[in-house]
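The values are calculated or read from the model by the stated rules, or taken from the named source; none is laboratory data. Computed from a predicted model, the values in this text were never measured in an experiment. Note that we place each Cβ from the backbone using ideal geometry, even for glycine, and neighbour counts take in every protein chain shown. Only protein heavy atoms, including side chains, enter the accessible area calculation; ligands, DNA and RNA are left aside. Shrake-Rupley method; radii C 1.70, N 1.55, O 1.52, S 1.80 Å.
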There are 2 protein chains.
Amino acid sequence: MSSAEKIEDIAKRKGFFWPSSEIYGGMSGFYDYGHLGALMKRKWENLWRSYFLSLDDNFYEISPATIMPEGVFVASGHLKSFVDPVVKCKKCGHMERADHILEEELKENFEGVSSEELEKLIKQHGIKCSKCKGPLEEVGTLNMMFPLNVGTTKVTKAYLVPETAQEAFVNFKRQFEVLRKQLPLGLAVVGKAYRNEISPRNLLLRMREFTQAELQIFFDHDNVGEHEEFDEIKDYKLCLFPAANKQTGKVEEVSCWAIIEKMDLPKFYVYHLAKIQQFYLDILKIPKEKFRLRELSEEERAFYNKIHWDIEVELNDLGFKEVGGCHYRTDHDLSGHQKISKQDMTVNIEGKEILAHVLELSFGVDRNIYALLDIAYAEEKERTVLRFPFGAAPYDAAILPLVNKEGMPGLAGKIKDVLKAKGFTVFYDYSGSIGRRYRRMDEIGTPFCITVDTDSLSSKDVTIRDRDSMKQIRVGIEHLPMVLEQLITYRIEFTEAE
Amino acid sequence: MSSAEKIEDIAKRKGFFWPSSEIYGGMSGFYDYGHLGALMKRKWENLWRSYFLSLDDNFYEISPATIMPEGVFVASGHLKSFVDPVVKCKKCGHMERADHILEEELKENFEGVSSEELEKLIKQHGIKCSKCKGPLEEVGTLNMMFPLNVGTTKVTKAYLVPETAQEAFVNFKRQFEVLRKQLPLGLAVVGKAYRNEISPRNLLLRMREFTQAELQIFFDHDNVGEHEEFDEIKDYKLCLFPAANKQTGKVEEVSCWAIIEKMDLPKFYVYHLAKIQQFYLDILKIPKEKFRLRELSEEERAFYNKIHWDIEVELNDLGFKEVGGCHYRTDHDLSGHQKISKQDMTVNIEGKEILAHVLELSFGVDRNIYALLDIAYAEEKERTVLRFPFGAAPYDAAILPLVNKEGMPGLAGKIKDVLKAKGFTVFYDYSGSIGRRYRRMDEIGTPFCITVDTDSLSSKDVTIRDRDSMKQIRVGIEHLPMVLEQLITYRIEFTEAE
């Protein structure tokens, strides 16, 4: 099995995700998160929130609607430009993304390449329809938004949001007014986005309905060369894959300070790149060699992105894949909305009129979940184990009475209730041999198994087993919440084995 | 100002909610939650999750897609029956809900009344168009779902979900298989639902895009007369408004035990009604006199609901309004999906083939947020205050350096970081007089203000001010997280005033 097939299998078998409306044959590009996937997604979102919203006291989360009227997408440019290059087969009518068909044939990435260029490449390499080998029509375009009619008597043209970003932009002015009236102001949205992708694929990696976590930072562009906290990260080294290294594939580790000096990137941007990398390496525990920040060349990036580095994680079989991006969008967004909505988008700070620039920190939540599953998956001699970072595992711990009698279930139940009340996610399991229950927890990535045995009843202590080392320690029941919190937070190695 | 106008005003001014895409003139029935609304909504959802998912070890949350193919809604009956009765004006073309136009004129509730009956009433009372007073066409129907075309080459007819319930039903069989293979099995969804309402109104009370928190409990109907934990609530009294009391309006307090004896309701149902009431009274702190469980008569409830009591909260000006419901849906859902999807929906437990029945606990999140705002709103002589239950206030506490100098901001910043790291939501505010900052926090319902003053620097303690009593106590900084947690959880009265 390929690694994608292994993930698909374990996801279905254990309860992470599976095709949506599966009993009706599913719909391409839609997945439902089962009980484990839902827990994990929520934990990822909460890790993201607490990390990125803590970067500045003036960063907030908002929760806007996912349907917006047409004017928004006239202003944003989506109505005109949110199109994919497509080719249609003259023979069988099958439609496919022009860049994907080339990628399949030539094993290279063509995302963002112009329609003209794609057309040339298709001709040059004699590419045919992937279904029937028929000849292809010229490269055309297709808008990816889902249109809707809202209302009954008076119908308003609207769309499902293709990104959460616009939700922040249209709310900027009012949020600015009700808050401190200061910049930078950060508005985060964790929410659904919808794109009628021509060829959804790779499970959670390219879906038609997906979740984004985006932070739009509005700032005065006169201050782009500064950041109050820059000194804190100046010696921190980023894993950079500059556009110039495309041929060699070389990733360079460069300190933030050296980036400012040599690469002509502004401090405000580099500070946030560093914080993004720290989130992946320190919080999500992605191994450094599987992480890189990839610079998009001028041809690859959207015209309004002045600077654009993608966040990439290396997946088994698939190589490095985008899980997010850091986009300096200039004043493209607010000036667009100002023009179309005819509302003044400037703010006044101490007499200075400012049309804020936007730095967007954008993350695909589903892609991140997939990456965590891919990296965590390990087959060992006697078990399959998901080595999730402790903070992102669906369950923090399992509570296991050694046998389902002699007072053990009662005590185990009490421990479960106490831990739940303290906010831990725990799973109670009493059926099957203890070895089998350990394996079951390994397979869904539960970091700790807490076993209640005969001694627990008299000595008031339990065994904690570590998922990764399989070592065990004995802990007093009254200390469990504290010990568990410490173990999850600091990932302490177990030294004593029983 | 009416109380709705007051809420609308404070919501806009402080950051709870406002019309979506406001700079484009908004869209009727769509609201965006600002930073305070988003915090509050997430807190409400988390309170709901931790309460209802704790009712049984076999209850789980899942997170499915919000777009589903047509077959789902053929099975559920939405395609055919999810319609509103409408009347169109012969003169100006304005369309309106037939029951609403009657409600406006006759000041009575006509929801759920048949089209024929509405037609009769309109004729009988000579009702005209509310816009132009023109004559009305006959009562017709309009399907409220938002249709979508998914895909490009091959188009699939699909709909935005009009309720989260179907997401649980189509996932039941697979979730049953990957879990304990036991009933009852609970599947919760907290997610968006979409209805193209003919007349959205009353701010968050009737929206076109809204959030539901629903728990579908699948159980063996042979066991509907039992619940393991029933004894725990048998003497607990429910605030009931039976259908028979419609004329008198009388609410009766009846113990769960007496309900079983006298009202022919099954234990499994009554247990969950009791848990719902406890959630509202104990967790959300709704005053008992503003809460009731309203029985829907046979004419009012959907044909598949064998038992249906609505959860109602009394709002200022508007009277009792539905914020949720408890629906015994029988096997309507699974048998519908079994028939249309042609997949076997029965499960086998110890040799017994069971087509599970469903008890649905359904909550409108936005309506609940609105109810909390409505009940919390109080105008006092010197201040406006939102007396939210401590657990649902946007911010748990504010951190206020008495003056923005002399080391106070530094210490206050450290306290803020510690409390944030412990999971509290806190707001840091240094601008304006301390009295003004207290008022500002009162107006957004922050339960506690923590003030750092000159003494704090030497004596390592701070003042905590209680929102409701405005009393203050002095607390050591090292004890702050513990004290704050206790205050929020147990709502301890402050006895010492400074």
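Counting only residues that are touching a residue at least 60 places away in the same chain (Cβ under 8 Å) and either touching a Pro at 6+ places or on another chain (Cβ under 9 Å) or assigned to a helix (DSSP H, G or I) (or both), how many does segment B:173-186 have? Here the count works out to 3.
Residues that are assigned to a strand (DSSP E or B) and either modelled with pLDDT under 95 or more than 10 Å from every other protein chain (Cβ to nearest Cβ) (or both) were ranked within segment B:187-206; the one that is farthest from A:Thr152 (Cα to Cα) is B:Ala193.
Every residue, every condition in (1) more than 22 Å from B:Leu205 (Cα to Cα); (2) open to solvent by 50 Å² or more (accessible area, probe 1.4 Å); (3) more than 8 Å from chain A (Cβ to nearest Cβ), yes or no:
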| site | (1), (2), (3) |
| --- | --- |
| B:Ile23 | yes, no, no |
| B:Asp32 | no, no, no |
| B:Trp48 | no, no, yes |
| B:Leu55 | yes, no, yes |
| B:Val74 | yes, yes, yes |
| B:Gly93 | yes, no, no |
| B:Leu102 | no, no, yes |
| B:Glu108 | no, yes, yes |
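The lone criterion from (1) under 24 Å from A:Phe363 (Cβ atoms); (2) within 13 Å of chain B (Cβ to nearest Cβ) left unmet by A:Lys157 is number (1).
Out of all the residues in segment B:255-270, is one or more under 23 Å from B:Asn316 (Cβ atoms) and crowded, with 16+ Cβ neighbours inside 10 Å? No, there is no match, as no residue in segment B:255-270 is under 23 Å from B:Asn316 (Cβ atoms) and crowded, with 16+ Cβ neighbours inside 10 Å. Among the numbered conditions (1) more than 8 Å from every other protein chain (Cβ to nearest Cβ); (2) touching a residue at least 12 places away in the same chain (Cβ under 8 Å); (3) outside any strand (DSSP E or B), the only one that A:Val170 does not meet is (1). Every listed requirement among (1) assigned by TED's automatic domain parsing to the domain that holds B:Leu240; (2) surrounded by fewer than 21 Cβ atoms within 10 Å (Cβ to Cβ) is met by B:His337 save one, (2). Is at least one residue of segment A:83-98 in a helix (DSSP H, G or I), closer than 28 Å to A:Pro135 by Cβ, at pLDDT below 95 and not assigned by TED's automatic domain parsing to the domain that holds A:Tyr304? Checking segment A:83-98: at least one residue is in a helix (DSSP H, G or I), closer than 28 Å to A:Pro135 by Cβ, at pLDDT below 95 and not assigned by TED's automatic domain parsing to the domain that holds A:Tyr304.
Looking at B:Leu118, B:Leu36 in this structure, which one is without any contact (Cβ under 8 Å) to a residue 60 or more places away in the chain and aliphatic (A, V, I, L, M)?
Details: B:Leu36 fails: without any contact (Cβ under 8 Å) to a residue 60 or more places away in the chain.
Going through B:Leu118, B:Leu36 in turn, just one is without any contact (Cβ under 8 Å) to a residue 60 or more places away in the chain and aliphatic (A, V, I, L, M): B:Leu118.
Being aromatic (Phe, Trp, Tyr) and not in a helix (DSSP H, G or I) is a description that does not apply to A:Tyr51.
Where helices (runs of 4 or more DSSP H) fall entirely within segment B:381-498, those with at least 1 residues that are under 26 Å from A:Tyr51 (Cα atoms) and at pLDDT 95 or above are at B:408-421, B:434-443, B:480-490.
For segment B:355-384, a residue qualifies if it is open to solvent by less than 10 Å² (accessible area, probe 1.4 Å) and touching a strand residue (DSSP E or B) at 6+ places or on another chain (Cβ under 6 Å), and the qualifying residues are B:Ala356, B:Val358, B:Leu359, B:Glu360, B:Leu361, B:Phe363, B:Val365, B:Asp366, B:Asn368, B:Ala371, B:Asp374, B:Ala376.
Taking the condition of being open to solvent by 50 Å² or more (accessible area, probe 1.4 Å) and either closer than 25 Å to B:Pro162 by Cβ or assigned by TED's automatic domain parsing to the domain that holds B:Gly336 (or both), how many residues in segment B:113-136 meet it? It would help to see each step written out before you state the result.
Applying the first criterion (open to solvent by 50 Å² or more (accessible area, probe 1.4 Å)) to segment B:113-136 yields B:114, B:116-117, B:120, B:123-125, B:128, B:130-131, B:133, B:135.
If we keep only those that are either closer than 25 Å to B:Pro162 by Cβ or assigned by TED's automatic domain parsing to the domain that holds B:Gly336 (or both) too, we end up with B:114, B:116-117.
Of the residues in segment B:113-136, 3 are open to solvent by 50 Å² or more (accessible area, probe 1.4 Å) and either closer than 25 Å to B:Pro162 by Cβ or assigned by TED's automatic domain parsing to the domain that holds B:Gly336 (or both).
If the condition is being open to solvent by less than 10 Å² (accessible area, probe 1.4 Å) and acidic (Asp, Glu), then segment B:271-309 contributes no residue at all. When segment A:207-244 is limited to residues that are assigned to a loop (DSSP other than H, G, I, E, B) and in contact (Cβ under 8 Å) with a residue 60 or more places away in the chain, the one that is nearest to B:Thr66 (Cα to Cα) turns out to be A:Arg208.
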